[in-house]
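Working notes, structure below.
Just so it is clear, none of the values below were taken in a lab; they were calculated from the coordinates. Worth saying up front: this structure is predicted, and the values here are computed from it rather than measured. Glycine also receives a Cβ, built like all others from the backbone with ideal geometry; neighbour counts cover every protein chain displayed.
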Amino acid sequence: MESLFKLTWLIPVFPLLAFGAIVLYVRRWKRVASWLAVAAIAVSFVLSQIVFWVAVGTPHLGEHPFEELVRWLPTGHSAFEMGVMVDPLTAVMLFMVPLLCTLIFIYALGYMEGDPRYARFFAYVSLFATGMLGLVVANNLLMLFIFWEIMGLCSYLLIGFWFEKPSAMRAGLKAFLTTRVGDAFFLLGLLYLYSQTGTLAFREVLSEETLQHLANLSVTLPVFGTVPVATVIALLIFGGTVGKSAQFPLHVWLPDAMEGPTPVSALIHAATMVSAGVYLVVRMFPLFHAVPHGTAPEVVATIGAFTALFACTIAVAQNDIKRVLAYSTISQLGYMIMALGLGAYVAGAFHLITHAFFKALLFLGSGSVIVGAHHEQDMMEMGGLRGRMKITFWTYIAGTLALAGIPPFAGFWSKDEILADAFNHGHYLAWAVGSLAAFLTAFYMGRQIFLVFFGHPRSHHAEHAKESPRTMTYPLLVLAAFAALLGFVGVPEDFPILGHLLGNPFHRFVGHEYAATPVNPLVMGLSILLACAGLGVGYLIYGRKPLEEGQPDPLTRLGVVYVVLKNKYGIDELYQATFVWLTIRLADLFALFDREVIDRIVNAVARGTAIVSDGLFRFVDAPVIDGLVNLVGRAGAWLADLWGRFDLRVVDGIVNGVGAAAQTFGRWFRQVQTGRVQNYILLASVNVVVILAIMYLVL
Amino acid sequence: MIPLTWYLVLSAVLFCIGLYGVLARRNAIAILMGAELMLNSANINLAAFERYLAAGSLAGQVFVIFNVAVAAAEAAVGLALILAIYRSRDTVSVEEVDLLKG
Amino acid sequence: MSLTQAVFILLGAMAVLGALGMVTLRNLFHSALAMILALFSIAGVYVLLEAEFLAVVQVLVCVGAIAMLILFGIMLTRDIVGRATPVRNRQWPLALAVSAGLLAVLAIGLVRAVWTQAAGAAPAGVADLGLALVGPYALPFEVASVLLLVAMVGALIIAREARE
């Protein structure tokens with residue numbers, strides 16, 4: 001049964017093959033391309049399910065994960081090791097990622113219909129799927145980094161998919177460059193880690209001895225003083241997460257990334273790529289907590305908590321339906337990272353999984369709304385879609401309840417576990433921040449629901465909205481079911497009745513070596529209260545007296561606060577004014593230098609060369625050299641004449657003579673060729689006799 | 001007891017007579033007969049060597065049998081060729097068949 | 001001189017006589033008959049060499065088949081007119097010299113040679129020959145049969161009457 005794990009390496013391969021096939025052969029036949037992509041990811045999905053269920057049935061998978069290695073490029077004493085690893089974390093990721101990919105691919109079949117670059121879209125998402133799947137099954141940090149970068153590339157290609165729109169191009173570039181900053185730190189972390197330990201394989205890096213070694217070793221840095229190496233490496237690696245998972249201060253790319261098609265937003269910027277950053281931290285969790293009371297977890301938790309609250313506040317003031325969800329994603333990622341910083345391994349991982357499902361659901365739902373409302377994305381122009389798009393509405397409700405944290409939906413269990421963990425371990429500030437963010441989350445989701453689905457349609461588009469085709473609504477239904485039910489795999493064991501019945505399989509599978517979070521009734525009650533309160537306030541402001549067409553958002557009454565929030569605290573502008581401006585000025589400076597200094601030098605050299613060559617021609621080449629050449633020519637002609645005469649008399653004579661001789665000899669010798677075999681045999685016999693005579697008589 | 005050398009000398013004599021037949025006769029069939037005689041003289045040699053130098057090994061006698069088979073095949077094909085030439089050129093004198101001349 | 005030696009000399013003389021007759025007689029038919037005499041004598045020599053089977057083979061195949069074949073050939077290519085064609089060709093002196101020379105060289109070489117005679121083992125019988133042919137010498141046996149087949153087919157094709 002465990003041998004089925006050998007299928008693991010195939011999981012990223014099928015989408016890669018689909019990518020190759022589409023790019024090389026099938027670009028012209030859209031249907032074939034899209035179905036090929038769907039088929040490939042479906043195969044990966046089946047294989048992943050097999051691996052997942054086998055993993056679930058394998059005891060002690062955490063201590064003895066399955067690994068399959070390939071060594072290549074043996075360079076001196078260290079061979080380069082690439083391989084796949086299956087441990088419980090990998091298994092749950094494999095459960096989630098291909099499932100979401102398959103559903104979103106199917107959704108995209110309908111959503112991207114009519115796009116001129118339909119086939120190319122599926123090629124890109126297939127490559128992306130390869131990247132994410134490869135990252136999840138990787139057994140070492142280098143392989144992870146490679147697939148990380150592949151996803152970065154695909155993200156750029158997909159955000160800027162509609163490259164006719166300059167805003168999309170800018171967004172793509174912004175995403176790429178911003179995550180690049182994070183990746184630079186990540187790479188530094190990898191290099192430093194490798195230099196200290198000589199390996200990048202998880203098995204070796206996360207072993208007890210290595211972690212002890214790194215924790216005890218210290219390095220003295222200019223500003224920070226003496227810091228344990230483990231902390232430095234962990235924080236450098238965390239840099240990658242800050243970029244990829246859009247944490248403050250590298251969060252600026254994610255809202256702009258909404259320029260891409262909605263399936264892209266759902267897949268990359270909700271469910272998979274951004275969770276790769278969190279996955280990295282989960283995977284490297286022992287490294288982060290290697291130093292007791294270390295700085296690394298503090299930094300991580302702080303950034304996570306801050307981001308969670310920070311993004312919430314911005315989300316409250318956004319009008320674009322997808323931007324709300326984008327900031328919501330940033331905020332939820334902050335939750336996960338905060339949890340991991342606080343040491344809540346299982347809670348963080350659990351929220352990662354549940355969030356992927358309901359966030360994907362929300363994005364796909366928003367896509368359905370956008371398509372239904374004829375590509376209108378401003379929520380202020382929507383309204384009353386409840387009656388017109390029933391399936392979208394109800395599934396969206398499911399997603400909202402999950403995100404807001406209303407039991408028994410999935411988000412409640414995972415979010416509550418994080419908050420309970422924070423509270424139980426005395427991190428009251430984190431708990432408070434998290435709770436406040438939970439309230440705001442419920443509020444802005446409620447705002448969104450009431451603005452979009454309730455009331456009267458506030459525009460022509462909303463009035464004529466209709467439900468989306470089945471390829472789009474079926475995935476919504478599937479995801480809604482998950483949003484409702486997935487939470488039950490993580491119900492804490494001390495929860496009355498339910499916990500005992502279900503036994504928290506998630507905890508037992510993924511993190512049984514970590515202590516389970518006991519249920520804190522106070523925290524749980526408060527969570528529910530805050531969630532309901534948030535939804536309630538949303539109802540009060542937006543639901544009781546639904547907005548009419550042209551009416552401004554009631555939040556504008558907050559005045560300055562509202563303006564600040566709506567403009568995202570001006571961070572984009574800040575970056576533009578500082579880093580971007582600086583880079584462009586520097587480039588201008590270098591261009592100036594190149595033009596004035598270097599070009600001048602080059603031109604002067606050119607002119608000097610021209611003068612020299614002219615002088616050489618006039619005074620050296622014409623009189624002297626030409627004279628010599630002509631003299632040589634005349635001498636040569638005289639010699640040739642002499643030689644010619646010699647050739648005629650002597651050489652020709654010899655040649656003719658040889659010819660005549662050959663003729664004569666030929667005439668003589670031809671007489672041997674009588675054509676009669678008997679004569680030939682006679683000659684042969686003579687030879688034999690002679691040879692034998694020599695052999696017997698002489699020797 | 002007959003010395004081995006007697007057999008060998010007999011074989012040599014027959015061989016040379018056969019060789020003379022091959023070299024000096026005009027008629028193609030006569031040449032063929034000379035060749036047959038040469039093959040048979042070789043057989044005598046083989047049988048004699050086997051009898052005197054390696055009595056139990058059988059190699060010589062087996063070789064003789066194969067040699068006879070080959071001689072028979074050669075005679076058959078040779079005569080067929082002579083017949084074919086006779087039909088097309090109306091001669092069996094090898095002196096008149098000099099197509100290889102040159 | 002023992003009996004066997006006398007018999008050998010007799011057989012040898014017959015063989016040589018037959019051979020000489022073969023190469024000198026003008027009438028081709030007589031020449032063939034002389035060859036048959038020579039072949040029979042050689043069969044006798046085989047008997048002296050205690051290779052009885054070979055003697056039988058010699059008579060059956062060489063005389064019974066090859067010599068007959070040659071006789072048929074002679075008959076089929078006979079000149080009806082009966083031109084007086086010379087027996088010997090133009091190079092016959094040289095041929096004679098070469099043959100004589102070869103004989104001289106061989107004879108000297110053979111007489112001078114010292115043969116290490118092996119201890120006399122039991123001479124082989126027909127049964128042993130048979131076993132050898134299908135045992136160690138099975139491959140040459142098969143090849144020889146293929147050779148005979150090919151020769152037969154080839155001879156048939158070559159000697160076919162031209163189709164009208």
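Quick notes
- Exposure proxy ranking, count of Cβ atoms within 10 Å, fewest first, for A:Met143, C:Met22, A:Met169: A:Met169, A:Met143, C:Met22
- The dipole here belongs to chain A: it is taken about the Cα centre, uses +1 on the Cβ of Lys and Arg and -1 on the Cβ of Asp and Glu, and is about 1900 debye.
- As a calculated quantity, the FRET efficiency between A:Arg170 and A:Ala604 at R0 = 60 Å, using C-beta atoms, amounts to about 0.90.
- Simple rule: put +1 on each Lys or Arg Cβ and -1 on each Asp or Glu Cβ in the protein assembly as shown, find the dipole, and look at A:Met93, A:Phe45, A:Gln663; the Cα lying farthest toward the positive end is A:Gln663.
- Counted residue by residue at 0.36 nm each, then reduced by the alpha carbon distance between them, the extension gain from A:Arg585 to A:Ile146 reaches 154.8 nm.
- Sites A:Thr295 and A:Val563, calculated FRET efficiency, Cβ-Cβ separation with R0 41 Å, nearest 0.05: 0.65
- Here is what passes the span test in chain C: the DSSP H helices with alpha carbon length of 18 Å or more along the helix axis and a Kyte-Doolittle mean of 1.0 or above are C:3-24, C:28-48, C:92-112, C:138-158.
- For segment B:4-89: rounded, prolate or oblate by the Cα gyration tensor [a/c cutoff 1.5]: oblate
- Additional length obtainable on full extension of the chain from A:Ile654 to A:Lys6, 0.36 nm per residue less Cα span: 224.9 nm
- The alpha carbons of segment A:609-699 occupy a box of 90, 34, 27 Å along the principal axes, longest dimension given first.
- Net lengthening on full extension, A:Ile691/A:Trp162 (0.36 nm per residue, minus Cα-Cα): 181.0 nm
- Tilt relative to chain A, helix A:88-111 - C-alpha long axis, 0 to 90 degrees, to 10: 90
- Shape of chain C, Cα gyration tensor, a/c cut at 1.5: oblate
- Computed from the Kirkwood radius of its Cα pairs, the Stokes-Einstein diffusion coefficient for segment A:388-545 at 25 °C and 0.890 mPa s stands at 144 µm²/s.
- Remark: relative contact order (segment C:6-68) = 30 percent; criterion is Cα-Cα distance under 8 angstrom and separation of 6 or more residues.
- Protection proxy ranking, peptides A:206-217, B:20-31, A:654-665, average beta carbon neighbours within 10 Å, highest first: B:20-31, A:206-217, A:654-665
- For B:63-74, mean number of other protein chain Cβ atoms within 10 Å: 6
- Distance in nm between pseudo-label sites at A:Asp621 and A:Ser218 (7 Å out along the Cβ direction from Cα): 7.5
- Positive end of the dipole of the protein assembly as shown (Cβ unit charges, origin at the Cα centre): among A:Ala234, A:Gln212, A:Val54, the Cα lying farthest that way belongs to A:Val54.
- Put simply, the amide H of B:Arg26, placed in the peptide plane, has neighbours under 5 Å in C:Asn89, leaving out anything fewer than 5 places away on its chain.
- Cα-Cα over 21 Å, subset of A:Lys30/A:Lys466; A:Lys415/A:Lys545; A:Lys415/A:Lys568; A:Lys359/A:Lys415; A:Lys359/A:Lys390: A:Lys30/A:Lys466; A:Lys415/A:Lys545; A:Lys415/A:Lys568
- With one equal scatterer per alpha carbon and no solvent term, the Debye-computed log10 I(q)/I(0) for segment C:18-57 at 0.16, 0.18 1/Å reads -0.43, -0.50.
- Once both labels are positioned 7 Å from their Cα atoms along Cα-to-Cβ, the gap between A:Arg117 and A:Glu548 label points is 4.4 nm.
- Segment B:48-99 shape via C-alpha gyration tensor axes, a/c threshold 1.5: prolate
- Cβ-derived FRET efficiency at R0 45 Å, A:Val13 paired with A:His425, nearest 0.05: 0.60
- Rough spin-label spacing in nm, given labels placed 7 Å along Cα→Cβ, for A:Arg508 and C:Met152: 8.6
- Taken along its three principal axes, the alpha carbon spread of segment A:341-456 comes to 49, 22, 22 Å, from the longest extent down to the shortest.
- Segment B:55-102 and segment A:172-188 have their alpha-carbon centroids 92 Å apart.
- The fewest-to-most ranking of A:Thr473, A:Thr578 by surrounding Cβ atoms within 10 Å reads A:Thr578, A:Thr473.
- A convex hull fitted around the alpha carbon atoms of the protein assembly as shown yields 413 Å³ per residue.
- For A:Val219, distant residues with modelled amide H under 5 Å away: A:Val227, A:Val229
- Calculated on the alpha-carbon coordinates, the convex hull of segment C:1-79 measures out at 63 cubic angstrom per residue.
- For residues of A:686-695, the mean tally of beta carbons on other chains within 10 Å: 5
- Tilt relative to chain A, helix A:410-424 - C-alpha long axis, 0 to 90 degrees, to 10: 80
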